[in-house]
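The structure under discussion appears below in the form of structure tokens.
The values are calculated or read from the model by the stated rules, or taken from the named source; none is laboratory data. This is a predicted model, so every value here is computed, not measured. Here the Cβ is made from the backbone with ideal geometry for all residues, glycine too, and neighbour counts use every protein chain on show.
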Amino acid sequence: MVRSSVLASLLLSLVIPCNATSAPLAKETEVNGDRIQYLEDGSGEPVVFVHGAVADYRVWEPVRDEIARKYRFIALTQRYFGTGPWKDDGKEFSVATLADDLAKFITSLNAGPVHLVGWSHGGVVAATAAVSDPSLVRSLIVYEASMISVLPAGSPEGKIAREDLAKMAGPFVAVAQAGDFLKAAKLLVEGVYQLPPGGFDSLPEDWQTGLLDNARVVPLLLAAPSAITCDMLKDFTRPTLVMQGEKTLEWYALISEAITKCVPGAQQVILPNVNHDGPGRDPAAFTAAVFEFLSRLE
């Protein structure tokens, strides 16, 4: 049986349509012996964007232009994601590995302290890196970070969240454990985006392509739970914004509320009429909330 913390790490932000014709060329840098691709645009204070699982830096394309008008936009594709070759069989995959990569990536660019933005599983990675070395970040923004470990299993909220997660994730997990990772990725999308059965096939082609490009990561995620707790967040004092969609799944909402309570002084914003797809479905609302938050730090 896959633990709920593993499931939480899997139900993540997914690839959003991109306009490749207008995007700047991807760059590469070496981090921990691996090549990390990233996209950079604009100038000013650096804002680093961390994608969720079954995704890569393309997930942030809907917000790139607007962010780059005011800030130095930087979006990376984490190790094992994207379409590049792996240097191993995935044995080093973990939240800790990705968080360490992220920290070293920021350092390699001489970009810190940065405003750090993470979506879903990317929120777990971003928060882990930020808590491990707060000197790297000026602020932290997470959108529906999939860290169910902030909710104690025995608490009322923890029980409700885990029941909601298990109900939604059951079909996906069964297929993933059977080894059909492409089908599992489709079921994952339908679950987190609250689509009807077969709804994946009705999504725009770019959404489907980006997701399926990253389906090979599913077995690694099954074996790599996150474990960031409320106690780990209580001493984090950097300005923090916690975001969620108005129509999101209950367990995402409960996690977002818990993170807001755990981090001292954290602010919370709920985007109207979206769910886990918020940054891609309504990039204008997402970007406006980011700008509003960052403007208070100037």
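Some points to look at:
- ALA224 over 30 Å from LEU136 (Cβ atoms) and either aromatic (Phe, Trp, Tyr) or crowded, with 17+ Cβ neighbours inside 10 Å (or both): no
- Single match in GLY122, GLY118 (criterion: outside any helix (DSSP H, G or I), over 17 Å from THR237 (Cα atoms) and at pLDDT 95 or above): GLY118
- Given (1) over 20 Å from MET147 (Cα atoms); (2) assigned to a loop (DSSP other than H, G, I, E, B); (3) within 12 Å of the chain's Cα centre (by Cα), number of the condition THR83 does not satisfy: (3)
- Scanning the stretch 243-281 for residues that are within 18 Å of GLN194 (Cβ to Cβ) and in contact with a Pro (Cβ under 8 Å, 6 or more places away or on another chain) yields GLU246, PRO279, GLY280.
- Restricting attention to the stretch 262-298, the residues being without any contact (Cβ under 8 Å) to a residue 24 or more places away in the chain, in a loop (DSSP other than H, G, I, E, B) and surrounded by 12 or more Cβ atoms within 10 Å (Cβ to Cβ) number 1.
- Residue in the stretch 167-182 that is of a type in the set (Gly, Ala, Ser), at pLDDT below 90 and crowded, with 16+ Cβ neighbours inside 10 Å present: yes
- Pick from the stretch 68-108, criterion modelled with pLDDT under 95 and of a type in the set (D, E, K, R), ranking: surrounded by the fewest Cβ atoms within 10 Å (Cβ to Cβ): ASP89
- Test for TRP119: is it free of Cβ contacts under 8 Å to residues at least 24 places away in the same chain and either surrounded by fewer than 20 Cβ atoms within 10 Å (Cβ to Cβ) or in contact with a Gly (Cβ under 9 Å, 6 or more places away or on another chain) (or both): no
- Counted residues, the stretch 38-67 - those being assigned to a strand (DSSP E or B) and at pLDDT below 95: 0
- Residue under evaluation VAL218, criteria (1) under 17 Å from TYR143 (Cα atoms); (2) β-branched (Val, Ile, Thr); (3) touching a helix residue (DSSP H, G or I) at 6+ places or on another chain (Cβ under 6 Å); (4) in a helix (DSSP H, G or I), criterion not met: (1)
- For the stretch 84-106, filtering for residues that are of a type in the set (D, E, K, R) and touching a residue at least 60 places away in the same chain (Cβ under 8 Å) leaves 3.
- Residue count for the stretch 218-238, restricted to those that are among the basic types (Lys, Arg) and over 18 Å from ILE148 (Cβ atoms): 1
This table checks each residue for (1) of a type outside the set (Asp, Glu); (2) surrounded by fewer than 21 Cβ atoms within 10 Å (Cβ to Cβ); (3) modelled with pLDDT of 90 or more.
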site	(1), (2), (3)
VAL189	yes, no, no
LEU211	yes, no, no
ARG216	yes, yes, yes
PRO219	yes, yes, no
ASP235	no, yes, yes
PRO239	yes, yes, yes
THR248	yes, no, yes
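- The stretch 6-37 - residue that is modelled with pLDDT of 50 or more and assigned to a loop (DSSP other than H, G, I, E, B) and, of those, surrounded by the fewest Cβ atoms within 10 Å (Cβ to Cβ): LEU25
- With respect to the conditions (1) more than 18 Å from the chain's Cα centre (by Cα); (2) among the aliphatic types (A, V, I, L, M); (3) farther than 21 Å from LEU249 by Cβ; (4) not in a helix (DSSP H, G or I), LEU140 lacks only one, and its number is (1).
- Of the residues screened, LEU188 is one that is in contact with a helix residue (DSSP H, G or I) (Cβ under 7 Å, 6 or more places away or on another chain), under 21 Å from TRP251 (Cα atoms) and in a helix (DSSP H, G or I).
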